[in-house]
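Working notes, structure below.
The values are calculated or read from the model by the stated rules, or taken from the named source; none is laboratory data. Computed from a predicted structure; not experimentally measured. A quick note on method: Cβ atoms are made from the backbone with ideal geometry, for glycine too, and the neighbour counts reach across all protein chains shown. Keep in mind that these areas ignore ligands, DNA and RNA; they rest on the heavy atoms of the full protein, side chains included. Shrake-Rupley method; radii C 1.70, N 1.55, O 1.52, S 1.80 Å.
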Amino acid sequence: TRNKYTFKLGSTTGITTTGSTASGSYYYGSTITLKASANTGYTFNGWIDATNNMISYSTHFTYTMPYAPASLRAVFQDTRPRYIFGTTTPDINKGTYTSDTVNGSYLEGTPISIQATANAGYRFVGWYEGTLGFITADASYSFTMPANNMILTAVFAEVVVDNYLFSASSVNTSPGVP
């Protein structure tokens with residue numbers, strides 16, 4: 001008698017996988033025809049087994065069922081363009097900023113939120129970007145990552161308090177009194 005073993009076809013983002021037969025039980029020595037197609041923005045890299053050994057680099061692949069349970073997964077490389085996002089401030093003594101995303105590279109459309117906080121004696125002026133210039137005077141700013149690099153600078157200014165000297169004097173308006 002021939003033994004049957006479990007075969008599992010794993011799924012991965014960025015790849016469409018199909019097989020002539022689905023995941024299930026197969027006899028030792030049976031063949032399973034697999035096909036992988038990379039979605040837009042992805043490149044197919046190959047098929048790997050459960051221990052991450054490369055089994056085949058071919059998108060169309062016939063797998064022979066071993067004398068044991070097996071699983072295969074198509075692997076890919078995400079080739080979609082990434083854009084650099086960063087935040088800075090010229091003087092951290094004047095204020096700070098926080099972001100729900102760290103400085104790094106992001107896909108177009110990634111939501112990003114930043115918050116500027118002025119230190120005592122300073123006020124937030126605005127967010128600036130090198131090419132675009134002034135972006136907003138709102139300390140809290142949310143946007144989606146554009147299809148270009150974006151380095152935002154939090155600008156702070158000293159709060160200037162106008163000091164006026166007030167002097168009071170009395171004027172005598174009585175006649176004959178010096």
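Worth pointing out:
- Chain lengthening between Ala137 and Asp78 when straightened (0.36 nm per residue, less Cα-Cα): 17.6 nm
- Solvent accessible area, Å² - Arg2, 1.4 Å probe, full protein context: 140
- Of all DSSP beta bridges in segment 1-155, antiparallel share, percent nearest 5: 85
- Cα gyration tensor shape for segment 48-156, rounded if a/c is under 1.5, else prolate or oblate: prolate
- Summarising the amide proton neighbourhood of Thr89: residues at separation of 5 or more, or on other chains, whose placed amide H is nearer than 5 Å comprise Ala154.
- Each Cα pair under 8 Å and six or more residues apart adds its sequence gap; the mean of these over the residue count of segment 78-152 is a relative contact order of 37 percent.
- Percent carbon-and-sulfur accessible area, segment 47-166, ignoring ligands, DNA and RNA, probe 1.4 Å: 54
- Extension gain from Tyr67 to Ser105, taking 0.36 nm per residue of separation minus the Cα-Cα distance: 9.2 nm
- Once the Cβ-Cβ distance of Asn119 and Thr88 is raised to the sixth power relative to R0 = 22 Å, the FRET efficiency obtained is 0.85.
- Net length gained if the chain between Val159 and Ser30 were fully extended (0.36 nm per residue, minus Cα distance): 38.6 nm
- Averaged per residue, segment 97-140 has 58 square angstrom of accessible surface, using a 1.4 angstrom probe with ligands and nucleic acids left out.
- In nm, spacing of pseudo-spin labels at Tyr57 and Thr43 (7 Å Cα→C-beta vector): 1.2
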